[in-house]
Amino acid sequence: MDRRTARLLNGALALCCLVLVLAAVYPVTTAESHSTQPVDERFTVPEVDDYRATGAIVADGETALKFEGAVTADGGRYLFIDEGGVRTEQFQASPGAPVYSRLVVEDVGSTDRRREQIQRDTDRKLIRESRTEGDVTFIIKQNASDLRTDVSGAASVVVRSLYVVGYQRDIDPSQEATVYKPENGWYEGREPYHITGATGQVRTVSDTTGVRSAEVRWDQTGSAGTYAELALVRLTGDAPTTYDISVEFKSGEPTVRRPAWVTAVKAGSEDR
């Protein structure tokens, strides 16, 4: 082998080593999450007068938030939220009517603080408090509130959790829907993070941003802006975290039934 060929080979090897070093230090490309899209292009709760909605955010098999809500055009509203150690169920017979809430708390140590918060609120009245071996239940009556806003708010929390990743847009003419599929990649946030194993889809109503349904999953490794950091985080911790996010909206006239515990309050137990 002559000197010129040897120099060329050595140069090529050096370049390969440099590329490998840079790949360990810097990601190849950085993707844009959905949160970077213009406000009028981000996923939203559908703007309809009546609907029923369900949704959940699950991290590594643990439910962070689960909700079920319903809103009728001129009738009842219903909302149930499960946050793990706290479950809240609410009912309103019609706009302007009192909102009745049942709050179940597993952390009995926070009972006094929660009771004081309820009693300090002049818009709320503590009707009943009961205790079992594992939790405490508060029954509350609230005036001057529209439960429609709370139902929309719970749905928005799940919809906005979809903003973490970017999506590839497609059209499904057979169902008059726009389909978005989550994408893997490196993303910039308060700290850089890496998304892998992204599957599922988000469907919006026709060309609007209103979400019809979503069923997505991805693995997320935080505090990792380079391949070297990604490897280190995964070796020294429990990363990645697997997220399962689902939400569904059904428009039309839903039926909202009065829960049995509200019927008991209306029957006269409110004053006991």
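The values are calculated or read from the model by the stated rules, or taken from the named source; none is laboratory data. In this text the structure is predicted, and so the values were computed from the model without any measurement. Quick reminder, even Gly has a Cβ in these numbers, built from the backbone with ideal geometry, and neighbours come from all protein chains shown. Surface areas here come from the heavy atoms of the whole protein model, side chains and all, with no ligands, DNA or RNA. Shrake-Rupley method; radii C 1.70, N 1.55, O 1.52, S 1.80 Å.
Listed by chain and number, the aspartates and glutamates whose alpha-carbon sits under 17 Å from that of Lys141, ignoring those within fewer than 8 places in the same chain, are Glu89, Glu116, Asp121, Asp123, Glu129, Asp150, Glu270, Asp271.
Tell me the per residue accessible area of region 52-110 using a 1.4 Å probe; a whole number in Å² is fine.
Values: 2370 Å² over 59 residues.
That works out to 40 Å² per residue.
Here region 62-131 is treated with +1 on each Lys and Arg Cβ and -1 on each Asp and Glu Cβ, and its dipole about the Cα centre works out to around 300 debye. Using only the Cα atoms of region 105-196, build the gyration tensor, take square roots of its eigenvalues as a ≥ b ≥ c, and label the shape rounded, prolate or oblate: rounded if a/c is under 1.5, else prolate if a/b is larger than b/c, else oblate. It comes out prolate by the Cα gyration axes. Can you bin region 41-101 into rounded, prolate or oblate? Criterion: square roots of the alpha carbon gyration tensor eigenvalues sorted a ≥ b ≥ c, rounded for a/c under 1.5, prolate for a/b above b/c, oblate for the rest. Oblate, since a/c reaches 1.5 and b/c is not below a/b.
If only the Cβ of Lys and Arg carry +1 and only the Cβ of Asp and Glu carry -1, the dipole of region 175-220 around its Cα centre is close to 120 debye.
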